[in-house]
1. Select from segment 139-162 the residues that are at pLDDT below 90 and among the polar types (S, T, N, Q) and write down the one among them that is farthest from residue 199 (Cα to Cα).
2. I'd like to verify a number: residues in segment 127-136 that are small (Gly, Ala, Ser) and surrounded by fewer than 13 Cβ atoms within 10 Å (Cβ to Cβ), how many?
3. Can you spot a residue in segment 108-126 that is surrounded by fewer than 10 Cβ atoms within 10 Å (Cβ to Cβ), in a helix (DSSP H, G or I) and assigned by TED's automatic domain parsing to the domain that holds residue 87?
4. Which pairs have Cβ atoms under 7 Å, sit 6 or more apart or on different chains, and link a residue in segment 143-162 that is of a type in the set (S, T, N, Q) to one that is assigned to a helix (DSSP H, G or I)?
5. Quick test for you: out of 201, 215, 166, 211, pick the one residue that is of a type in the set (Lys, Arg) and at positive phi.
6. What pairs come out if I take residues in segment 84-95 that are touching a residue at least 40 places away in the same chain (Cβ under 8 Å) and pair them with residues that are loosely packed, with under 15 Cβ neighbours inside 10 Å whose C-beta lies under 8 Å away, six or more apart or interchain?
7. Considering only segment 81-96, how many residues are under 19 Å from residue 139 (Cα atoms) and surrounded by 13 or more Cβ atoms within 10 Å (Cβ to Cβ)?
8. When segment 168-216 is examined, which residues are found to be in contact with a Lys or Arg (Cβ under 9 Å, 6 or more places away or on another chain) and in a loop (DSSP other than H, G, I, E, B)?
Amino acid sequence: MKNSVLYIVGATILVGGAYLFLKNKKKKDLSKLAELGGATTGGATTGGATSGGTTSGGATSGGTTSGGATSQNNEVFLPSDKDMKLIDATVLVGKIKALRVAMNKPFNGRKFKDRNFENENRPSDWTFEYTLYRNGQSRIPEQIEGVLNALDDLDYSLDANDNLVKLDPNRNKEWIRVQKIYLSLVNSSNLYPNAVSELSKYGYKIDPITKKLVKI
């Protein structure tokens with residue numbers, strides 16, 4: 001009986017000591033982790049590390065990148081208006097180059113319906129395919145001019161080597177546009193209806209006799 005009492009008392013002291021030891025050790029470990037940057041919760045490190053230990057959509061959540069845009073404190077940084085203008089201008093340059101390639105593309109088919117009538121300047125002699133080709137070619141200069149105008153609206157133009165040139169955003173766009181339309185009409189044998197109409201919209205016309213720009 002005496003031995004049993006001693007055994008129970010000894011076991012109680014041993015268990016109690018082990019409990020206090022583990023409790024103190026856990027407290028020290030937690031304190032040490034806190035000093036290193038935070039204690040772990042649910043297998044994921046809190047306080048500046050990744051949440052859940054994984055990434056979402058190929059990008060780490062909580063202060064890194066998501067979907068290609070930098071995110072910090074739930075703020076998404078988008079391209080500026082200046083950046084977007086440059087991107088749009090670059091796309092327009094590609095369109096202009098494509099149109100110029102199309103303009104220089106030769107016709108590889110039968111041009112004339114009859115060998116006895118092969119007049120390049122007489123549309124009635126052309127085949128249907130050649131008529132489509134010529135009509136398409138005749139519209140390309142005006143299409144290029146339209147893209148150049150869109151480029152001008154973005155405050156860009158092209159130099160002689162088709163490189164982008166930044167324009168002064170405070171320039172007199174209307175007067176510059178009027179001059180460009182005037183020069184394109186005077187230097188061309190064709191009076192494009194759209195160009196004439198646009199010139200009229202700005203309050204100008206070309207005198208048919210003097211070929212000068214006059215106010216309406």
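The values are calculated or read from the model by the stated rules, or taken from the named source; none is laboratory data. Bear in mind the structure is a predicted one, so any value in this text is a computation, not a measurement. Cβ coordinates were reconstructed from backbone atoms using ideal geometry, including for glycine residues, and neighbour counts include every protein chain displayed.
1. Top of the filtered list is 161.
2. To start, the set of residues in segment 127-136 that are small (Gly, Ala, Ser) comprises 136.
Retained after the next criterion (residues that are surrounded by fewer than 13 Cβ atoms within 10 Å (Cβ to Cβ)): none.
So the count comes out to 0.
3. The answer is yes, given that some residue of segment 108-126 is surrounded by fewer than 10 Cβ atoms within 10 Å (Cβ to Cβ), in a helix (DSSP H, G or I) and assigned by TED's automatic domain parsing to the domain that holds residue 87.
4. Sorted first by the residue in segment 143-162, then by its partner, the pairs are 143/99; 157/151.
5. Details: 201 fails: at positive phi; 215 fails: at positive phi; 166 fails: at positive phi.
So the residue among 201, 215, 166, 211 that is of a type in the set (Lys, Arg) and at positive phi is 211.
6. 93/162
7. We begin by selecting, within segment 81-96, every residue under 19 Å from residue 139 (Cα atoms); these are 92-96.
Add one more test, that the residue is surrounded by 13 or more Cβ atoms within 10 Å (Cβ to Cβ), and what stays is 92-93, 95-96.
So the answer is 4.
8. Across segment 168-216, the qualifying residues are 202, 203, 216.
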